[in-house]
Structure formats: structure tokens, C-alpha cells
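Input: a single structure, listed below in C-alpha cells.
The values are calculated or read from the model by the stated rules, or taken from the named source; none is laboratory data. Remember, predicted model here, so these are calculated numbers, not experimental data. Here the Cβ positions follow ideal geometry from the backbone for every residue, glycine too, while neighbour counts run over all protein chains shown. The area values use the complete protein model at the heavy-atom level, side chains included, leaving out ligands, DNA and RNA. Shrake-Rupley method; radii C 1.70, N 1.55, O 1.52, S 1.80 Å.
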Amino acid sequence: MEVANKLVLIFVVSFVIIIPYLEAADMVQYDDVWKRRAQEAKKNMMITYIPNPLEVTQEFDSQFNQDKEKNGTWDSDEKWEIGIGDSSNNGTWDSDDKWKNETWDSSKNGTRDSGTEKEMNESRRNLRQGKTLYKGPCHATNPIDRCWRCKDNWSNQRKRLAECGLGFGRRAVGGKAGKIYEVTNNRDDNVAEPIPGTLRHAVIQKEPLWIIFARDMNIKLSKELIVNDNKTIDGRGANVHIAYGAGITIQFVSNVIIHGIRIHHIGPASGGMIRDAPDHCGLRTQSDGDGISIFGSSNIWIDHVSMSRCHDGLIDAIQGSTGITISNSHFTHHNDVILLGASDSFSGDQFMQVTVAFNHFGQGLVQRMPRCRWGFFHVVNNDYTHWQLYAIGGSMHPTIISQGNKFIAPNNIYLKQVTKRDYATEAEWKKWIWRSEGDLFMNGAYFVESGQKLSTTPSKKYLIKAKPGVYASKITRFAGALDCKRGKKC
């Protein structure tokens, strides 16, 4: 009880301290509406934050225990196929990549499994996106997908997805409590008075909405798309591209799900008067060119999204954002992939808690997969097939738990290290908790650990139970936006 009281006291004091930081970090001079949203966002952050995620503070709730499809465990009798040259991004191949049947040295700094030799020799997965679709039977290869995929009636039970989240973003239910809103128009030429039927008109509404698309769409956003609370953007059943324009902004809101869309070629966009609610149109500065920008928001889940070639980051989560899961997504052709934490001077990000699970970090990536500051980050069962500088980095003593990932290092002998620490002496960063458990290291990849070993039982409620890294390619086989058809298994 004493420990719990101390944790609560530390949390309250720290929260009070960061309030002026949050206000000082605002990019524009907010009007009264944005100021109210900022205050509400702070309250949501305090509710969402888990003081010590490594400790088991409560048992599984009954539903979490009983539902094998939803929890982070694996049936002991479940059979796994080790995919040969597994393809992610809905089983498709990327035209920019050439098939490489190379032999990787996994005996150095890694684990070896005699039953997976062939997979390890052919692990550079072909990714010719959109060319040759996977045509086999439906396979749900991880616990999130097992919750909703491979069911003929998924399109009539779309909101089941809201029950499937895991990790720190597991409480995000998006627009589950609201109506279905069907986007019928791909135009975005009036950001001050959005046309009904457009994506912009849908996301600014105050009530919860589950947003779907009437058909395949290419949407070029003329300005940043500002998403309101309690929204799900669900691209299943349509081929939806947000491309060649501005990106998506999730600012000072809570409870948002983005699923099943493709975001690429995003650039900066000029500011101006942009409507963000039916009763409010506010002045905005130029947007940075992030694919998805999460700013001071909580309970956010990004799942089965394909992202590439954005001007700034693919995903940025900053300024006190917390309760986030990034899962089942496919990232390619980008420099700064995922940034989690605004700056070394913004201590408000000590409350950031993010799960990065079941993703494929693929062709043409350079760094930040993710790049972390201050908070707590669980990186679990991802497949890292490419990087050009490093995979996981950070500064300001973040806690990073890497479990069951597969890391294939580039051929450059100077770029084998998975990790990169910035702005700290060795004496300092050796105290940071960066741990690797069950990861598979190939082609000479290695993870530099630091800090104390995990001595407490991880919270089953917020930390996904990892499979060994040898299964990462299988688990992430269908990462990215899926080619779902209504009336058929997805």
C-alpha cells in the first residue's frame, strides 16, 4: 500500500508540473475551444496512464481470461506454419524489391532453431506491393486478427473490431457507440465548410461515428485532417488511399481507431481556417507533413495501415500522448519512421506508453522504428527486414522492452547494431532499461541491453505476451491494409 501511495503521489506531482509545459508547447495561440480541449486532454492522459505497467496490479477481467481470440496468449495445441519468403502487406509483393535468396548468419548474437533454417535463409521478404496477391485460405496469424478476421460476416459486424485491441491502446473503441457513417465523396476542397459525405465532414462530428467507405477512393487532403473524439476510420472493403496531400492530425482528443487504409506521399500543407467541429472553425499553422500526427491524445489504436513516403514522420506521437497501440502495419520507403516523444526538454512525455506490435518494417526504411523519449515502450513480435542506420533508438531514459522481434541487419558491417542512444554518456545510458527477450538476430544484428533485468511479472493486461522471434515473419505476414471483400473472409 505504501508503494502504491508513493506512486500515486509521484504521478500527481509530476502531472501538475507538466501542465505549464503542455501549454507552452502549443504550436499556435489557441482560442478558447482549443484551450478547453487541451485541458480535457490532460485529464484523459491522467486517467489513461498506468503508473507501473510491469507490475501485475489486477487480474485479468473475466472476459479477457475467457476469450482466447482476444487475449495475448497462444493455444498450446495451435499449429504454426513457418512461411517461406513470407509476404506482408496483405500477402503482396513490392515492385521496388528484388527477390534475394540469401543466407543469413544467425549464429552470431542470435538464436537458432533447427526447424526454421529454410525460413532464415529466405527471410528478405519480397514486397512487390499490389502485384501478386496472396490467394490461399484466410489465415489469422496473431491474437488481434484472430478476434475478427476469417469470418464471412465481418462487414455486418464491423464494430467487433473495437473489442480486439491489445497493448496500451486496448481501451480505444473509436466510434463503437455511434452510427455508421459512409463516405461517398472523395473531395476535400472546402475545409471551412466540409461537404456531407466526405471524410472531413465525418471526422469533425461531435458524436461517436464508425466511418466506412462506399467504394475505392483516392483522397487528396488539401489541409491537415483534424479528427474529433470517438471516431473509427475503417477502410475495410475498399481500397482507400490518403495520398499526395496533407496528413491526419489527432490532437487533444481521445478514443480514435484508424484501420485498413493506405497513407503515402504526404507533404506539408499551408495553414488557415480549418473546421474541426460542426460549431468551430479555427486558425491553424502549416502542417509538417506527417502521415499521422498524434498530439496530446490518448487511447489511440492504429491497425493494418500501410504507410510510406511522407515528408516528415510516418507516425509521430508527441506532447503527452499516451495509451497507444500501433499494430499489424506495414512501413516502407521512409527515413524517420515512428517518433514517440517530442523533445528531450519536454518531460510531459514521461507519461507516454506505447505498444508497437505485429508490424513489418520493410523495404527502404532508414531509422526510428521507433525513436523513443521519456516513456515506456513495448516492442513485440515485429519483423525488421530493413534499416539503413538503426532500428530502435532513444534519449532521455525511456524504458524499452523488446520481445520476440526478428532483426535482420544490413550487410554494412558498421550498421549491425539494432539500438542507438543519443545525448547521453555511457555511464548515463547504462542505467536506462532497454531489454531484449526472445528476439531473433540475423546477419550479425545485435541489441545492446542496459539497465536492470525485468524482475517483476509483466502486466498481462497491457503487455502482449510475445511469441519467440523466430515466428515474427509468420505473425506479421498480413501486415498492412488488407484486401477485404464484403461477404467474404478477410
field: Failed item, numbered, when Leu283 is tested on (1) aliphatic (A, V, I, L, M); (2) in a strand (DSSP E or B); (3) farther than 30 Å from Glu193 by Cβ; (4) more than 12 Å from the chain's Cα centre (by Cα)
entry: (3)
message: Quick check on my filter: what residues within region 265-279 are in a loop (DSSP other than H, G, I, E, B) and under 20 Å from Ile219 (Cα atoms)?
response: Gly267, Pro268, Ser270, Gly271
message: Could you check region 162-215 and list, in sequence order, the residues that are surrounded by 16 or more Cβ atoms within 10 Å (Cβ to Cβ), under 27 Å from Asn328 (Cα atoms) and aliphatic (A, V, I, L, M)?
response: Ala162, Leu166, Ala172, Val173, Val183, Leu199, Ala202, Val203, Ile204, Leu209, Ile211, Ile212
task: Considering every residue within region 272-282, establish whether at least one is touching an Asp or Glu at 6+ places or on another chain (Cβ under 7 Å) and at pLDDT below 95.
output: yes
Out of Arg187, Arg262, Arg170, sole residue that is farther than 27 Å from Gly323 by Cβ, out of contact with any Cys (no Cβ under 7 Å at 6 or more places or on another chain) and not aromatic (Phe, Trp, Tyr): Arg187
statement: Selection from region 335-352 of residues open to solvent by 10 Å² or more (accessible area, probe 1.4 Å) and under 17 Å from Ile401 (Cβ atoms) yields Gln350
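So that you can scan it fast, the table gives a plain yes or no per residue for (1) closer than 30 Å to Asn411 by Cα; (2) modelled with pLDDT of 95 or more; (3) in a strand (DSSP E or B); (4) not β-branched (Val, Ile, Thr):
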position	(1), (2), (3), (4)
Lys98	yes, no, no, yes
Thr111	yes, no, no, no
Lys118	yes, no, no, yes
Tyr134	yes, no, no, yes
His139	no, no, no, yes
Arg149	no, no, no, yes
Arg160	no, yes, no, yes
Ala177	no, yes, no, yes
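Per-residue answers, yes or no, for (1) hydroxyl-bearing (Ser, Thr, Tyr); (2) open to solvent by 20 Å² or more (accessible area, probe 1.4 Å); (3) in contact with a helix residue (DSSP H, G or I) (Cβ under 9 Å, 6 or more places away or on another chain):
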site: Gly296; (1), (2), (3): no, no, yes
site: His333; (1), (2), (3): no, yes, no
site: Val354; (1), (2), (3): no, no, yes
site: Phe361; (1), (2), (3): no, no, no
site: Pro370; (1), (2), (3): no, no, no
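Output the number of residues of region 448-466 satisfying the condition of being surrounded by fewer than 21 Cβ atoms within 10 Å (Cβ to Cβ), touching a residue at least 60 places away in the same chain (Cβ under 8 Å) and not aliphatic (A, V, I, L, M).
7
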- request: Filter region 386-401 down to residues that are in contact with a Gly (Cβ under 9 Å, 6 or more places away or on another chain) and buried (at least 23 other Cβ atoms within 10 Å of the Cβ) and give me whichever is nearest to Asp349 (Cα to Cα).
  value: Pro398
statement: Of all strands (runs of 3 or more DSSP E) fully inside region 347-417, the set with 2 or more residues that are under 23 Å from Ile50 (Cα atoms) is 353-357, 371-373, 376-380, 392-395, 399-403
- request: Within region 290-300, identify whether any single residue is touching a Gly at 6+ places or on another chain (Cβ under 7 Å), more than 19 Å from Trp34 (Cβ to Cβ) and polar (S, T, N, Q), and answer yes or no.
  value: yes
- line: Inside region 216-228, the number of residues satisfying the requirement of being surrounded by fewer than 18 Cβ atoms within 10 Å (Cβ to Cβ) and in a strand (DSSP E or B) is 1
message: On the basis of being within 22 Å of Leu209 (Cα to Cα) and in contact (Cβ under 8 Å) with a residue 40 or more places away in the chain, does Ile266 make the cut?
response: no
- request: Inspect region 408-426 for any residue being touching a residue at least 60 places away in the same chain (Cβ under 8 Å) and either open to solvent by less than 10 Å² (accessible area, probe 1.4 Å) or of a type in the set (S, T, N, Q) (or both) and give the result as yes or no.
  value: yes
message: Restricting to region 418-450, give me the number of residues that are part of a loop (DSSP other than H, G, I, E, B) and within 25 Å of the chain's Cα centre (by Cα).
response: 10
Leading residue by the ranking (most open to solvent (accessible area, probe 1.4 Å)) among those in region 301-330 that are in a strand (DSSP E or B) and on the phi > 0 side of the Ramachandran plot: Arg309
task: State yes or no: is Ala479 more than 20 Å from the chain's Cα centre (by Cα), at pLDDT 95 or above, crowded, with 20+ Cβ neighbours inside 10 Å and not basic (Lys, Arg)?
output: no
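For Tyr462, state whether it is among the hydroxyl-bearing types (Ser, Thr, Tyr), closer than 15 Å to Ser402 by Cα and not in a helix (DSSP H, G or I).
yes
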- prompt: Restricting to region 177-229, what's the tally of residues that are among the hydroxyl-bearing types (Ser, Thr, Tyr) and touching a residue at least 40 places away in the same chain (Cβ under 8 Å)?
  reply: 1
- request: Just need a number here: residues in region 238-251 that are more than 19 Å from the chain's Cα centre (by Cα), within 23 Å of Ser155 (Cβ to Cβ) and open to solvent by 20 Å² or more (accessible area, probe 1.4 Å).
  value: 1
field: Members of region 322-344 that are touching a Phe, Trp or Tyr at 6+ places or on another chain (Cβ under 7 Å) and more than 16 Å from Ile263 (Cα to Cα)
entry: Thr322, Gly323, Ile324, Thr325, Leu340, Gly341, Asp344
Of the criteria (1) in a loop (DSSP other than H, G, I, E, B); (2) closer than 26 Å to Asp303 by Cα; (3) at pLDDT 95 or above, which one Cys484 fails: (3)
